[in-house]
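As structure tokens, the structure follows; a few thoughts come after it.
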Amino acid sequence: MNNFRTGYVSIIGRPNVGKSTLLNHLIEQKLSIVSRKPQTTRWNLLGIKTTSDSQIIFIDTPGLQKEPKLALNQHMNREVSNTLGHIDIILFVVEALKWNDLDENVINLLKQTSGAEIFLLLNKVDKVANKNDLLAFIETVSKEIDFKEVIPVSAIKGDGIERLESLIIKRLPLTPALFPEDQLTDRSERFFAAEFIREKLMTRLSDELPYHLSITIDEFKEKNNVLHIHACIWVERKGQKSIVIGKEGSVLKAVGKEARQDLETMFEKKVNLKTWVKVKKKWTDSEQALKQFGYYD
Ligand SMILES: Nc1nc2c(ncn2[C@@H]2O[C@H](COP(=O)(O)OP(=O)(O)OP(=O)(O)O)[C@@H](O)[C@H]2O)c(=O)[nH]1
Ligand SMILES: [Mg+2]
């Protein structure tokens, strides 16, 4: 027990660099929702990995935005800052060879952070044709911060992930585990039900619509070994409601089916999922609506 290492590791970066994909690969289970669109993650989410000699408490965070205006986006940025106070290691995730001013924005936040060791992770290296190009990129990014490790990874393929994990463990403090060994996350089953539905909607709906959606779970009950879940999909306008429902309910039906499959895998139970769509005008900029939808829990 004396050699047991435990610590908090926050995954931080601009939107869409692959933070949630990385978390899922690290803990070998789909916990965090992923999509091709930026600003997918809206809440911090713990993914806890316990082995015989370590417990790594990963925190997936929303992509850091620049000067967000809407209350929803301000909440997302606050989530990121909230993780920085009590953290052992920060994984600063960037997309290899794709630097922009949003990465610069993240660097500025990291410069104000003290106490944590920072690793630079170059994700999506599977898309880099000439690996030699990485050297100049690393050199430029490393001018700004003293990174303890620089690690090229592919969160989607798993390249570099084992090495990353062992480098993390080496730097964690010698402390007993903080969570029971079988605990995987801090979030409730209701949370995952809402998130998996949102993921399917994000994938299926185009343009801006995913940014106007939020999900609440109105009922979550187990009866005769079946989970009965009632979910409400909130939109901001009437026109959005008809798009989410689709022609003769086709979109809702498809989303419900896909989400149910994911939830059955996660909960290892049959799921009976019912969905409704309701309008709440301008909820993305209303503190009160955000509270009602669970953003400040
Ligand atoms: N080619 C490639 N694509 C990746 C890799 N990692 C993630 N992606 C893709 O990048 C997109 C964004 O991935 P996410 O994991 O949702 O990114 P994120 O940083 O969590 O995004 P936000 O939650 O919006 O901040 C998805 O389409 C992923 O499939 C990778 O290693 N290689
Ligand atoms: Mg994410």
Rounded to one decimal in nm, the spacing of the 7 Å Cα→Cβ label points at Lys274 and Leu167 is 5.1
Please give the net charge around Gln288, taking every other residue with its beta carbon less than 14 angstrom from that of Gln288, where Lys and Arg add +1 and Asp and Glu add -1. +2
Considering only the chain, what is the antiparallel percent among its DSSP beta bridges, to the nearest 5? 35
Could you sort out which of Lys124/Lys274; Lys124/Lys257; Lys66/Lys148; Lys200/Lys291; Lys66/Lys274 sit more than 32 Å apart by Cα distance in this structure? Lys124/Lys274; Lys66/Lys274
If I model a spin label as a point 7 Å beyond the Cα along the Cα-Cβ vector, how far apart are those points for Asp182 and Lys131 in nm? 4.1
Accessible surface, the range 5-171, averaged per residue in Å² (probe 1.4 Å): 42
What do the square roots of 5 times the Cα gyration tensor eigenvalues come to for the range 189-292, in whole Å, largest first, as semi-axes of the equivalent ellipsoid? 23, 16, 11
Accessible-area composition of the range 189-292, carbon plus sulfur, in percent [1.4 Å probe]: 47
Against the 2.2 N^0.38 Å rule of thumb, the C-alpha Rg of the range 135-200 sits at a ratio of 1.61
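Quick one: compute the contact order of the chain, relative version, from alpha carbon pairs under 8 angstrom and 6+ residues apart, as a percent.
Details: 539 pairs, mean separation 54.8, N = 297.
This gives 18 percent for the chain.
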Could you list the GluC sites (Glu not before Pro) in the range 179-210 that lie in coil according to DSSP, counting only those with at most 12 other Cβ atoms within 10 Å of their Cβ? Glu181, Glu208
Once the convex hull of the alpha carbons of the range 1-81 is built, what does its volume come to per residue, in cubic angstrom? 84
Report relative contact order for the range 143-285 in percent, whole number only (criteria: Cα-Cα under 8 Å, sequence separation at least 6). 21
From the P(r) of the chain, could you give the percentage of C-alpha pairs in the tail past 31 Å? 32
Which value, in debye to the nearest 20, describes the size of the charge dipole of the range 257-297 about its Cα centre when Lys and Arg Cβ atoms bear +1, Asp and Glu Cβ atoms bear -1, and nothing else is charged? 320
Kindly state, as a whole number, the per residue volume in cubic angstrom of the convex hull around the alpha carbon atoms of the range 5-171. 105
Where does helix 189-204 land angle-wise versus the long Cα axis of the chain, in degrees 0 to 90, nearest 10? 90
For a quick protection proxy, order the peptides 219-231, 22-34, 249-261 by their average other-Cβ count within 10 Å, most packed first. 22-34, 249-261, 219-231
Determine the alpha carbon to alpha carbon distance for each of Lys49/Lys127; Lys98/Lys157; Lys157/Lys280 and list only those over 30 Å. Lys157/Lys280
Based solely on its DSSP helices, what 222 nm [θ] is calculated for the chain when runs of n ≥ 4 H residues each add -39,500 (n - 2.57) and the sum is averaged over all residues, nearest 500 deg cm²/dmol? -10500 deg cm²/dmol
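The values are calculated or read from the model by the stated rules, or taken from the named source; none is laboratory data. What you see is a predicted model; the values in this text were computed from it and never measured. No Cβ is skipped: glycine too gets one built from the backbone with ideal geometry, and neighbour counts run over all protein chains shown. Each accessible area value is taken on the protein alone, full model and side chains, heavy atoms only, with ligands, DNA and RNA left out. Shrake-Rupley method; radii C 1.70, N 1.55, O 1.52, S 1.80 Å.
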